[in-house]
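**Q** The structure that follows is given in the form of structure tokens.
The values are calculated or read from the model by the stated rules, or taken from the named source; none is laboratory data. Owing to the predicted nature of the structure, the values given are computational and were not obtained by experimental measurement. We place every Cβ from the backbone using ideal geometry, glycine too, and count neighbours over all the protein chains shown.
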């Protein structure tokens with residue numbers, strides 16, 4: 001390929017020499033990168049319920065009748081006040097299970113990003129100009145003109 005050419009006069013005096021310039025160009029590969037969004041990620045909390053079985057000891061009161069023999073007892077006569085018996089009332093108690101839950105912090109989860117760099121091969125065809133001298137009879141290098 002040839003570009004425009006312009007004759008230039010040689011500096012100096014009367015010795016005139018024509019000089020022609022041709023600028024040769026070629027393609028250069030310019031490679032860069034651009035950032036594009038590829039995915040959206042959300043950090044969500046989900047409540048999961050799991051069944052737990054726990055054994056709890058529960059106590060309660062029971063009555064027990066304890067008999068003790070009285071030695072050398074005095075006989076009770078029919079008219080004494082000891083023969084009138086008031087009922088004895090005992091209140092029995094038991095433990096009952098109560099269930100409650102409490103929400104407590106157990107873990108902190110952090111979502112971070114980091115950049116991973118990978119190598120990728122890029123191939124491209126590059127064009128360039130070559131300069132050739134063509135005379136009216138032969139090309140430079142001796143090849144005849146078509």
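**Q** Evaluate the following for residue 33: is it surrounded by fewer than 10 Cβ atoms within 10 Å (Cβ to Cβ) and more than 30 Å from residue 109 (Cα to Cα)?
**A** yes
**Q** Just checking, which of 94, 61 is surrounded by 10 or more Cβ atoms within 10 Å (Cβ to Cβ) and either within 50 Å of the chain's Cα centre (by Cα) or at pLDDT 95 or above (or both)?
**A** Just a single option satisfies the conditions, and that option is 61.
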